[in-house]
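Asker: Sharing a structure below in structure tokens format, with a few things to ask.
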Amino acid sequence: MATAIITAALALPALPSPSCMLSGNASWDMSTTPAQNPCPVPTPWDVDWSIRNSTALMSVDPGGFDPNHTWGWVTLDWQANRETWLVRDPNKARCEAANARNCAALKKSGKVRRCTIYHNMQLALQWLESNRAVMDQEHVDAGWFLRFQNGSVYDVALTVRPDPARPQQPSPTFSQYFIDWRNRAAAAYFVGAIVNASFLPGVDGTFTDDSNGAGMEHSTLGQILNISTATIAEIQFATQASGTYLATTLAANGKTCFDCVGGQVSWTDAGGTQRPSFGHNQRPPPRTQEYGADQCSAWMRAYCAPGMQGRGMFMDWDVRSNASNHAQTMAAFLITRPPVAFIGSYMLRDTDADWSDLFALDVGEPLGGCGEIKHGVFERKWSRGTAALDCNTYVATLDFKALAEESR
């Protein structure tokens, strides 16, 4: 009897990204199951349970970040400090140095506990000193960057505009080359350059933009360079694999990245747009009134698991003006947070108007772990009070004795 040969293609499930930044921090959607490939936490970091020192935001302030409130972690975007680094000659721009000086000043003043600076995983940027050092013909010829069929580099040049309040500043045009992370020498250099920049005075690590890789914001890349979708996928895989190598190297050196803990992109932007396919941080527990008590409880049980205490956490803070879940978000954070944990959003941008009084809660230190004291009701006792969340009603309790005196 002849054996039938099945030739139909099997529908295989999509594999997770090789980057812990993209597949290791939280669930991709409303699923309550945490992703299984977390980035390592920076081992030498001391534990700081303070809520204020656990807050996180991004600054794009062209004059430099200088808050009234004390924040735990700020990451400085490439647009930050343009007043300093945006100069007429593109080869004299010093964005990394300018952001590092801002970090050092913030930490010296006590306004920020941790500070990280911008890099990009898709593009080599002429305004970043470490990138510019290899954006030359020698490295183009060596295959470090994507090229046209004739061998010339593909340059998506960008004219950087000054802040509207500073119209006297120049508007230089900077080169941007696509990094080919398949090239081992290029991958080693750019990982090393980012790690080295994290050792600038005042700097604790990096924010790595576009960590998906080539095509992240340039959908016509394949058409322009006449390369296949499969080739782009190879470049993206190499980029994301290098992302995990970067995260591991940073952590081994006592550094980290905003993305490594999960802060790359928020689930909801300031305009209210839901972006579930973009979020890589811990979304707050699903709202009972919308998703049911079982989904909320499943989320809490997953993040209450003792093994989660060895991971980093970045709890997303809804930045919309009509947000109504801040108490529930804070309660879930306090109940489930591990030692290395942050609460905030990359959509928290510069302004102290985004500060919440909940960020100044004086909680002390945890007296134990998370407990489900009865079905669907979760709590954790702290030395200054108790945080609880009832998933049956989606009511949060933040029973703390006092608010810490806020720095002004």
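The values are calculated or read from the model by the stated rules, or taken from the named source; none is laboratory data. Just so you know, these numbers come straight off a predicted model, no measurement behind them. Positions of Cβ are backbone-derived with ideal geometry, glycine not excepted, and every protein chain shown enters the neighbour counts. SASA here: full protein model, heavy atoms, side chains in, ligands and nucleic acids out. Shrake-Rupley method; radii C 1.70, N 1.55, O 1.52, S 1.80 Å.
Asker: What is the magnitude of the charge dipole of the chain about its Cα centre, with +1 placed on the Cβ of each Lys and Arg, -1 on the Cβ of each Asp and Glu, and no other charges, expressed in debye to the nearest 20?
Answerer: 440 debye
Asker: In what order, largest first, do 88, 287, 166 sit by accessible area if the probe radius is 1.4 Å?
Answerer: Working: 88 185, 287 75, 166 50 Å².
Ranked list, largest accessible area first: 88, 287, 166.
Asker: How many times 2.2 N^0.38 Å is the alpha carbon radius of gyration of the chain? Don't skip to the end; give the middle numbers.
Answerer: Working: Rg = 22.5 Å, N = 408, 2.2 N^0.38 = 21.6 Å.
Rounded to two decimals, the normalised Rg is 1.04.
Asker: How many percent of DSSP beta bridges within the chain run antiparallel, rounded to 5? Don't jump to the answer; show the numbers that get you there.
Answerer: Details: 26 of 50 bridges.
Antiparallel bridges make up about 50 percent of those DSSP assigns within the chain.
Asker: Follow-up. Residues with amide H under 5 Å of residue 116's amide H, sequence separation 5 or more or different chain, H placed in the peptide plane at 1.01 Å from N; which?
Answerer: Those lying under 5 Å, H to H, from residue 116 are 74, 75, 76, 204.
Asker: Something else: Keeping all protein chains in place, calculate the accessible area per residue for the chain (probe 1.4 angstrom), answer in Å².
Answerer: Numbers: 17540 Å² over 408 residues.
Counting only protein heavy atoms, the per-residue value for the chain is 43 Å².
Asker: Check the cysteines of the chain one by one and keep only those with no other cysteine Cβ under 4.7 Å from their own.
Answerer: 95
Asker: Calculate the all-directions average of the projected area of the range 122-183's alpha-carbon convex hull, and give it in nm². Let's see the in-between values first.
Answerer: Details: hull surface 19.5 nm².
Dividing the Cα hull surface by four gives the mean projection, 4.9 nm².
Asker: Taking the Cβ-Cβ separation of residue 228 and residue 401 as r and a Förster radius of 60 Å, what is the calculated FRET efficiency to the nearest 0.05? Walk me through the intermediate numbers first.
Answerer: Numbers: r = 62 Å, r/R0 = 1.04.
Here the calculated transfer efficiency is 0.45.
Asker: For residue 135, what accessible area in Å² do you get when you roll a 1.4 Å probe over the heavy atoms of the protein chains, rounding to the nearest 10?
Answerer: Accessible surface of residue 135 is approximately 30 Å².
Asker: Something else now. On the protein heavy atoms, probe 1.4 angstrom, tell me the percent of accessible surface of the chain carried by carbon and sulfur. Each step should come with its number before you reach the end.
Answerer: Numbers: 9040 of 17540 Å².
Summing carbon and sulfur atoms, their accessible area is 52 percent of the total for the chain.
Asker: Using only the heavy atoms of the protein chains and a 1.4 Å probe, how would 395, 60 rank by accessible area, largest first?
Answerer: Numbers: 395 80, 60 30 Å².
These residues rank, largest area first, as 395, 60.
Asker: Let me ask something else about it. Collect residues whose amide H, placed 1.01 Å from N in the peptide plane, falls under 5 Å from the amide H of residue 348; neighbours closer than 5 in sequence don't count.
Answerer: Under 5 Å from the amide H of residue 348: 58.
Asker: I've got another one for you. Scan the chain and report its longest stretch carrying no GluC sites (Glu not before Pro) that are both in a DSSP loop and have at most 13 other Cβ atoms within 10 Å.
Answerer: Working: sites that count: 217, 405, 406.
Of all site-free stretches, the longest is 1-216.
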